[in-house]
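The values are calculated or read from the model by the stated rules, or taken from the named source; none is laboratory data. Small disclaimer: the values here were computed from a predicted structure and weren't measured. Note that we place each Cβ from the backbone using ideal geometry, even for glycine, and neighbour counts take in every protein chain shown.
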Amino acid sequence: MGKITEKDMEEVRKMIEAEFPDDPALQQVHIARKIIAREAELEGLSFLEYIKSRGLRVGRTHRRHGV
């Protein structure tokens, strides 16, 4: 599984803060989206494929614990 580096995360944070300087909540949403997109890219998946693959893992764990 590919991991995004701290350097990559810092670059994303700076770029997003420059795009949305007066809205910290919007910054957080866009930072998360960019990080997820980068992780998907590192695993060779599209954004949606990556989200679905993560959701399936969570779903199986969720059902396994009887919740």
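Here are some notes:
- Pro24 meets all of the listed conditions (1) at pLDDT 90 or above; (2) surrounded by 12 or more Cβ atoms within 10 Å (Cβ to Cβ) but one, namely (2).
- Gly44 meets the conditions (1) on the phi < 0 side of the Ramachandran plot; (2) surrounded by fewer than 14 Cβ atoms within 10 Å (Cβ to Cβ); (3) at pLDDT 90 or above; (4) not hydroxyl-bearing (Ser, Thr, Tyr) in every case but one. The failed one is (1).
- Residues that are part of a helix (DSSP H, G or I) and in contact (Cβ under 8 Å) with a residue 40 or more places away in the chain within region 1-47 comprise just one, Leu42.
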